Amino acid sequence: MQKSEININRPVDYEEYVNLSIQWSRLLLKHLCLWPYSSPISRLKQYLHRLMNIICYTILSTPFIFCSTFIYFEVDDIYSKLKQSGPLIFSTTAITKYYFMVVHKADISECVEQIKWDWKNTTNDRDREIMIANANFGRKLVMVCIFFMYSGFVFYNVVIPFSVGRITAEDANITFIPLIFPFTSYVADARYSPLNEIVFSLQVLASYLMHSVASAACSLAAVLAVHTCGQMQVLMNCLRHMIDGRSDMNERVDGRIADIVSQHVRVLKYVTIYRFITAFSFIRCYLLTLEFNFFRASLSFLPLRR
């Protein structure tokens, strides 16, 4: 892994700066087969990516199907329905986020290409310092988001079930691992081995994907927002030198004004795409995820469902 700090006094390829900005987001999105490729790929790779997207959809949808069936057909009172609805809505938001990231892959690609263009065409040391400072802040923000997301995954999906251990069924002489998500008995009785272990493992995998989707959405939103802040600061720095100019700017005042206007238009276009992506796929779903994570955490101290 490359270091997050870069010495601006030495020559360095712009790709290293790009990596500073998008490394963690790229890792998470590639993990989910959502990272857009800058160059055309073969038809076989396209089919493989679509197949992986379908597999991810299937894994994410499985808890939703069984959980909704359980709540609708097997739960009678309102309190129990409310108690079981936390994991259901959490899985729903994960599916929604994954869908929107697949749909907006072209917009994500355009934002990534804009980030690359900005780093490639930044020649002033002060502008580069501003962009590096914002990239480092975004990197730290992404790491914090990833830490809290996966900490929640480990606590709820690993620590709680294994700390409780196998429990004894009230109506049968069997012990079973308490499941993370409700599982309908219309399909099978998931208390019996080896089905119990298989269902539990699949639910852990699905929950891992859900938290990965949330981490990817949060990290991408953070990277795009921080890069926008950096570009606005760079633009303000250019405005300070609009009259007197500097070594990397146009010699004529009207030329400098034209360059600043052109840069402003690029920033506005980037912000428009970024706001469109985050407004419909990341922020709203992420807020819902936080709300129902707290709701789900409060329910985790109640008796675990079978």
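The values are calculated or read from the model by the stated rules, or taken from the named source; none is laboratory data. On a predicted model such as this, the values are computed, not experimentally measured, just so you know. Cβ coordinates were reconstructed from backbone atoms using ideal geometry, including for glycine residues, and neighbour counts include every protein chain displayed.
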Residue within the range 230-246 that is under 33 Å from the mean Cα position of the chain (by Cα), under 18 Å from residue 122 (Cβ atoms), β-branched (Val, Ile, Thr) and outside any loop (DSSP other than H, G, I, E, B) present: yes
Pair list, Cβ under 8 Å, 6 or more apart: the range 27-45 residue in contact (Cβ under 8 Å) with a residue 40 or more places away in the chain, other residue surrounded by fewer than 11 Cβ atoms within 10 Å (Cβ to Cβ): 36/106
Number of the exception - residue 161 against (1) over 25 Å from residue 18 (Cβ atoms); (2) part of a loop (DSSP other than H, G, I, E, B): (2)
Hits in the range 165-189 - residues which are in contact (Cβ under 8 Å) with a residue 40 or more places away in the chain and closer than 17 Å to residue 66 by Cα: 178, 179, 180, 181, 182, 183, 184, 185, 186, 187
Selection status of residue 51, surrounded by fewer than 17 Cβ atoms within 10 Å (Cβ to Cβ), of a type in the set (A, V, I, L, M) and at pLDDT 90 or above: yes
Residue among 149, 131, 101, 143 that alone is in contact with an Asp or Glu (Cβ under 8 Å, 6 or more places away or on another chain), modelled with pLDDT of 85 or more and part of a helix (DSSP H, G or I): 131
Test for residue 198: is it on the phi < 0 side of the Ramachandran plot and modelled with pLDDT of 90 or more: yes
Options 80, 91; residue that is among the small types (Gly, Ala, Ser) and either at pLDDT 85 or above or not in a helix (DSSP H, G or I) (or both): 91
Top-ranked residue of the range 207-251 - restricted to ones that are surrounded by fewer than 18 Cβ atoms within 10 Å (Cβ to Cβ), touching a residue at least 40 places away in the same chain (Cβ under 8 Å) and touching an Asp or Glu at 6+ places or on another chain (Cβ under 9 Å), ranked as farthest from residue 161 (Cα to Cα): 248
Candidates 108, 59 - the one that is part of a helix (DSSP H, G or I), more than 25 Å from residue 199 (Cα to Cα) and of a type in the set (A, V, I, L, M): 108
